Amino acid sequence: MSLSTLRTRRAAIGLSVLSVLGLAENVTADACTKKCTKKPKNKQKACKQKCKRNGDDGGAFVNRNCDDFATQRQAQQFFEDEGGPRDDPHGLDTDRDGIACESLPA
């Protein structure tokens, strides 16, 4: 795991803990939609919809693991949507080969 991935995960976990304790505001979905503007035009709409869909928790980082998916295909799609393989904030690709949750059924 790279140092930048570790820092990103630690920051997200720390923010989630502080939010649960009421010591910090949740990251808003607004921050998510700002990231969408960096994507190609044809992918911005889907990105913004994903932000809106995840906004029910105030936009806070929700860590996912392989147990959250029924199949490897679902995990792989989520992994790619979240930035993998160049960024894996959920740690779904432990051996960093670009394939998420390899132990799940296809």
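Observations
- If you go through segment 37-64 and keep only what is assigned to a helix (DSSP H, G or I), modelled with pLDDT under 75 and surrounded by 11 or more Cβ atoms within 10 Å (Cβ to Cβ), you end up with K48, Q49, K50, C51, K52, N54, G55, D57.
- Residues of segment 67-90 that are crowded, with 18+ Cβ neighbours inside 10 Å and more than 24 Å from K48 (Cα to Cα): Q72 alone.
- First in segment 91-103 and exposed (fewer than 13 other Cβ atoms within 10 Å of the Cβ), second anywhere and not in a loop (DSSP other than H, G, I, E, B), Cβ under 7 Å, 6 or more apart: S103/C66
The values are calculated or read from the model by the stated rules, or taken from the named source; none is laboratory data. All figures in this text were calculated on a predicted structure; none of them were measured in a lab. Ideal geometry is used to build each Cβ from the backbone, glycine not excepted, and the neighbour counts take in all protein chains shown.
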